[in-house]
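Every number in this text was worked out from the coordinates using simple rules, so none of it is lab data. For clarity, every value in this text was computed on a predicted model and none was experimentally measured. Here the Cβ positions follow ideal geometry from the backbone for every residue, glycine too, while neighbour counts run over all protein chains shown.
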Amino acid sequence: MFPALGAACLGAAFLTAAYAGGAALAGTRDDRRFTDSARRAMYALAALLTVCVVCLEISFLNDDFSVELVADHSSTTTPTGYKLTAMWSSQAGSLLLWAWVLSLAGSGVLLATRNRLRELVPWATAVLAGLAVFFTGLMLFGILSPGADSFPFARLDPAPVEGVGLTPLLRHPAMAIHPPMLYSGYVLFAIPFAFAIAALVTRRIDAAWIRSTRRFALVAWLFLGTGILLGSFWSYNELGWGGYWGWDAVENASLMPWLVGTAFLHSVMVQEKRGMLRTWNVSLIVATFALCLLGTFLVRSGILESIHAFGVSKVGGPLLGLIAVVVVGSAALIVSRLDALRGERRIESLASREAVFLINNLLLVALAAVIFWGTFFPLISEALTGSERSVGPPFFNSVTTPLALVLVLFTGIGPLLAWRRVSAGRAWRLFWPPAAVALAAAAVLALVSDALSEPLALVLFTFAAFALAALAGELLRAASAQRALAGSGYAAAVGRVFARNRRRYGGYTVHAGLAILFIAVAASSSFQTSSDVRLRPGETASVGDFDVTYAEPSASIDTAEQRLTFGATLDVSRDGEEFAVLRPSRNFYSSATSEGVRGFFEGEATSEVGRRGGPGGDLWTAMRPDLAPLDDQIRGADERIARLVDRVAPAGAAPMEVARFRANLEGAAVQGLRERYLAEPPPVDFRVNYNPLVIWLWVGGAIAIGGGLVAIWPAPAARRRRVADVHAAKLARELGRA
Amino acid sequence: MTAPLRGAPPRDDGEDPRLGELEARKEAKYREIRDAELDHAQGKLSDADWRAADAELRAEAIEILAEIDGAERARSRS
């Protein structure tokens, strides 16, 4: 019943989105009935897609394997929490998530603007409805083209008795939240994009569209940033290669819109305050949204290799078509409106906040551009030379590091300057204290650490110290001014500074968080100690300052998860003193595609890393046991099981009984492997890393997210009124004098 | 949602869409004035620069307030 209801609602959602688009276009002829009708159709679309999501989730919870999506991505043994999040591990489920979030965000922005921007809203509604038509249509396209894997309610007949289960790699809390965060970020950038298109069409290119969609852009940026951070945390803890960022195509695809979106969030302030950069702003939001679509495309098309991609699929073509329409259509619209986009003012001085914002914008866009080039290099090289070549982390590190260095410096410079201009004398007074702190930090680091051996890292630490000192000084000056006014203590003054100007100080908090994050990236990548060692129980290896002893093996079986785990206990000492006991392990899962005991070792395996973390650094280990000594036993077990099944199971026996009999035999064989592993432990390859300051990457990220939330949070209505009244009274006095 | 299909007359809630936009512009202008005050208090702007910027911003704010007055008068007349 639920799958049928979901399918019906999806069909109705497609028709409703089409109606919303048509009514919105009719509303552009200044007929408010149609505009209101289109808005309500968007609400109806959100309700219908919510029913679709609920129906799919109920199918997961009910283990309804007649739904292909459930059979392919869940099983009776999948924990309930992961059943609920399994939806977005699939192609069709993530498309449904895209459309659902779009309908909710679209409803939200149309509710917020129902009595405003009457010229813009019908066009923006038409754009949002057009996107909803595309994504609901793409899902329904799966009915006509089964290979597309895009219809979430596709059925299997007969239904299998058991599902394949969730991909082991995705059984991690960060992975449960990471995809919806990324998709929400991608989708929410559709809101400012839609209003930018509306502003271009109607030639209403003042800052009204920016004011109405600023919060949506900030929320999108926050979701995308949080998704990227969670993805890096998952990579660090689950993938077993020892890093948090591998410059993978899909990782890059999420970083590019975040970078361009960051540029957009800065440059719209220049338009709001100074009426400048109008062409740049509409271009940035078009680029951001096109890159969001590109991120969606990369995950689904299978065009570039990535551990995050869903594999080759038919939905890549239509998505590429949508990207082409967005880019070409928007570019044509911008070119046709260049006369109206001309700014009211010019930058008065290079020593001004708007000038620094422009430089910061160029740096961010340059970063996105070089990452784009590196990501698509395999396709570019194939098109030009006929052979596919890819660039790896060394290319990305070499081209992004110089840009990132200057960017960090500018996170400190921007907040120090005022809008319009700052005189040279005042600039000197503002700049010398953080510059002195930065130089002192560089001198100390050069003297007490080996930072001089990595000059680029030392430069980054210096620039980050400048940024942090500048931001701290900025807050201190504001708190002092507030204290002088209200006569309270510093803590209360800081609280009031944030409460009075959430946008500015929320933004500064984001800058501080990112400066900390960059320090962590530089320290953990430049000063990492990494070693691959092969050990047998009792053997010791030296890795940097540490002595790592493989104390004993461990092995366990989880029948519910169909998982065999081989682990190790490592005793780690530093300078002869006990430092940590680490327990890395490697998980092997029963395979859905390969039968027998061998299937455990031919399917996907995951790593549980052993870590001892702290503010100074993180000792990280992962292991890969050498399974060759177990090979004979695995082969022998499978041969015996096959013989026994043939002998015991007579012709005509129920397939279920045969399967159960086989499963019991395989269980016993796996138990035998576990005992053999403990009795005669094979050698194990360990990767042992010491990553200095790495934890600060996520601490800095969390600070940045907190700052973003402060910037989004609206000032209390009562205080806004009071401030407005004060200014109105002042202005009235001025008016009286004028 | 089906109002235009049923031929229902347009809804008139008495709201002037211009008023909402003007209020938003006013809020943004006040924020700019406060930002300039803060920059001046923190020593980023000289007295002369601040006075010039403040006067310009206030003049723009007064224009917006006058537009709001006009829109409100037009609404009360209708």
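Projecting the Cα atoms of A:Leu97, A:Leu15, A:Met42 onto the charge dipole of segment A:1-99 (Cβ charges, centred on the Cα centre) puts A:Met42 farthest toward the positive pole. Each Lys and Arg adds +1 at its Cβ and each Asp and Glu adds -1 at its Cβ; summed about the Cα centre, segment A:408-547 shows a dipole of about 1360 debye. Each peptide in A:390-397, A:245-252 gets a packing score, the mean of other Cβ atoms within 10 Å over its residues, and the list from highest to lowest is A:245-252, A:390-397. Every Cα-Cα pair in chain B was counted, and those over 17 Å apart are 60% of them.
For segment A:154-204, take N as its residue count and report Rg(C-alpha) divided by 2.2 N^0.38 Å.
Normalised by 2.2 N^0.38 Å, the Cα Rg of segment A:154-204 equals 2.03.
Projecting the Cα atoms of A:Ser530, A:Gly544, A:Ile634 onto the charge dipole of segment A:524-663, computed from C-beta unit charges around the Cα centre, puts A:Ile634 farthest toward the positive end. Give the shape of segment A:351-478 as rounded, prolate or oblate, defined through the alpha-carbon gyration tensor: a ≥ b ≥ c are the square roots of its eigenvalues, a/c under 1.5 means rounded, and otherwise the shape is prolate if a/b is larger than b/c and oblate if not. The shape class here is oblate. Computed across segment A:449-605, the Kirkwood hydrodynamic radius from all distinct Cα-Cα pairs reaches 21.0 Å.
Going by the alpha-carbon gyration tensor, a ≥ b ≥ c the square roots of its eigenvalues, is segment A:1-41 rounded (a/c under 1.5) or, if a/c is not under 1.5, prolate (a/b greater than b/c) versus oblate? Here segment A:1-41 falls in the prolate category. Once the Cα atoms of helix A:2-27 and of chain A are each reduced to a long axis, what angle between those two axes, in degrees from 0 to 90 to the nearest 10, is obtained? Tilt of helix A:2-27: around 20 degrees. Against chain A, whose longest principal axis comes from its Cα atoms, helix A:455-486 is set at around 50 degrees.
A:Val391 to A:Asp547: extension gain in nm, 0.36 nm per residue of separation minus the Cα-Cα distance?
Working: separation 156, 0.36 × 156 = 56.16 nm, distance 3.55 nm.
Gain on stretching A:Val391 to A:Asp547: 52.6 nm.
Counting, for every residue in A:30-36, the Cβ atoms of other protein chains within 10 Å of its Cβ and taking the mean gives 4.
What you get for chain A, charging only the Cβ of Lys and Arg (+1) and of Asp and Glu (-1), is a dipole of about 5140 debye around the Cα centre.
For chain A, what is the mean residue ellipticity at 222 nm derived from helices alone (per DSSP H run of n ≥ 4: -39500 (n - 2.57); sum divided by total residues; nearest 500 deg cm²/dmol)?
Working: 24 runs with 486 residues, N = 738.
The helix-only estimate for chain A comes to -22500 deg cm²/dmol at 222 nm.
Report the extension gain between A:Arg598 and A:Thr80 in nm, rounded to one decimal, defined as 0.36 nm multiplied by the number of residues separating them, less their alpha carbon distance. List each step's numbers first, then the result.
Values: separation 518, 0.36 × 518 = 186.48 nm, distance 2.81 nm.
Extra length available between A:Arg598 and A:Thr80 comes to 183.7 nm.
Shielding by partners for peptide B:34-47, expressed as the average number of C-beta atoms from other protein chains within 10 Å of each residue's C-beta, is 6.
Working note: 222 nm ellipticity from helices only, DSSP H runs with n ≥ 4, each -39,500 (n - 2.57), summed and divided by the residues of chain B, gives -26500 deg cm²/dmol to the nearest 500.
Sequence-distant contacts, meaning Cα pairs under 8 Å at least 6 residues apart, place the relative contact order of chain A at 10 percent. Measuring how big segment A:500-560 is from its alpha-carbon positions, Rg and Dmax come out at 21.7, 62 Å.
The H on the amide N of B:Ser46, modeled in the peptide plane, is under 5 Å from the matching H of A:Ser423, each at least 5 residues off or on a different chain. Note on segment A:561-629: Rg/Rh from C-alpha atoms, Kirkwood Rh, equals 1.12.
All Cα-Cα distances of segment A:559-600, cut into 10 Å bins from zero to the largest, leave 25, 33, 20, 16, 7 percent in each bin in turn.
Label-to-label distance, A:Met1 versus A:Ala436, with points set 7 angstrom from Cα along the beta-carbon direction: 7.6 nm.
Comparing Cα centroids, segment A:473-503 and segment A:399-458 end up 25 angstrom apart.
Projected area of segment A:573-711, taken from the Cα convex hull and averaged over every viewing direction, in nm²?
13.7 nm²
Over segment A:1-120, the hull volume per residue, using the convex hull of the C-alpha atoms, is 92 Å³. Straight-distance candidates among the aspartates and glutamates for linking to A:Lys314, with alpha-carbon spacing under 19 Å and chain neighbours fewer than 8 residues away dropped: A:Glu68, A:Asp72, A:Asp149, A:Glu305. To the nearest ten degrees, helix A:316-336 and the longest principal axis of the Cα atoms of chain A are 10 degrees apart. Considering segment A:13-80 at the alpha-carbon level, its Rg and Dmax are found to be 18.0, 57 Å.
In summary, the aspartates and glutamates within cross-link reach of B:Lys44, defined as a Cα separation below 19 angstrom excluding same-chain residues under 8 places away, comprise A:Glu348, A:Glu354, A:Glu474, B:Glu32, B:Asp35, B:Asp54, B:Glu56.
Cα convex hull, the protein assembly as shown: 191 Å³ per residue, rounded to a whole number. So how far, in whole Å, is the C-alpha centre of segment A:15-39 from the one of segment A:230-280? Cα centres, segment A:15-39 to segment A:230-280: 34 Å.
Using R0 = 45 Å, the C-beta based FRET efficiency linking B:Ala8 and A:Trp713 works out to 0.70. Distance between the 7 Å Cα→Cβ label points at A:Arg342 and A:Ile58: 6.1 nm.
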